[in-house]
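The values are calculated or read from the model by the stated rules, or taken from the named source; none is laboratory data. Quantities reported herein were computed from a predicted structural model and do not represent experimental measurements. Don't worry about glycine lacking a Cβ; one is built from the backbone with ideal geometry, like all the others, and counts go over all protein chains shown. Accessible surface areas use protein heavy atoms only, side chains included; no ligands, DNA or RNA. Shrake-Rupley method; radii C 1.70, N 1.55, O 1.52, S 1.80 Å.
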Amino acid sequence: MRDDERGPGAAPGHVPVETRAATKEPDTAGECGERDTFMDTGRHPLWQEEPATRRRMAEPVRTAAVRAVIIVAITLIQAMVAFLSTLAGSWLAFPAVLSTVASTVVATWAVLDVWVTRQVWVQRHGVQSQPSSTARELRRERRRARRAATRSPQDDPSRADRAAA
């Protein structure tokens, strides 16, 4: 079917419903061709989208991480230039090795900066903990038992007798 026969607003890969019914082509929908119903044919999609399990990094941490990645990449390029120029016996080998050593120190500093920035951000802004841990639940139970134990001796009549005597 030519583009001018499809009509205005039809997508280039779109097949009209009438044509689909006549050719017995399965009903497809969406831009990627995923099916509306999967139970008819027993087919399943190739993948299912799941929500992200990790939250985004904080802005200062992400900035430090990008900076560190760029510095480490430049350092690796310098190391490769130093290695290849040493193999070739070039005059560039000695300055390249010196700059690689200096860049390695800077790259180490940049990676440590990511770690320190993350620790500082967590310390200032805190993390939201969710009570999903079983250990946390056990601590709660022990705390409740301790509180109940400290409250019960006040209600004990033998203790009241000692206080009156």
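Residues in the stretch 96-108 that are open to solvent by 60 Å² or more (accessible area, probe 1.4 Å) and free of Cβ contacts under 8 Å to residues at least 24 places away in the same chain: how many?
5
Has the stretch 103-118 got at least one residue that is under 25 Å from GLU59 (Cα atoms), at pLDDT 95 or above and among the charged types (D, E, K, R)?
Yes - at least one qualifying residue is present in the stretch 103-118.
Test ARG159 against the criterion of being modelled with pLDDT of 75 or more, on the phi < 0 side of the Ramachandran plot and open to solvent by 70 Å² or more (accessible area, probe 1.4 Å), and give yes or no.
For ARG159, the condition - modelled with pLDDT of 75 or more, on the phi < 0 side of the Ramachandran plot and open to solvent by 70 Å² or more (accessible area, probe 1.4 Å) - is not met.
Name the residues in the stretch 67-79 that are among the hydrophobic types (A, V, I, L, M, F, W, C) and open to solvent by 80 Å² or more (accessible area, probe 1.4 Å), would you?
VAL69, ILE70, ILE74, LEU76, ILE77
Has the stretch 62-74 got any residue that is touching a helix residue (DSSP H, G or I) at 6+ places or on another chain (Cβ under 7 Å), modelled with pLDDT of 95 or more and farther than 24 Å from VAL111 by Cα?
no
From the set of residues in the stretch 80-89 that are among the small types (Gly, Ala, Ser) and open to solvent by 50 Å² or more (accessible area, probe 1.4 Å), which is farthest from the chain's Cα centre (by Cα)?
Let us first name the residues in the stretch 80-89 that are among the small types (Gly, Ala, Ser), namely 82, 85, 88-89.
Among the residues that remain, those that are also open to solvent by 50 Å² or more (accessible area, probe 1.4 Å) are: 88-89.
Values: ALA88: 43, GLY89: 45 Å.
For the stretch 80-89, the residue satisfying everything is GLY89.
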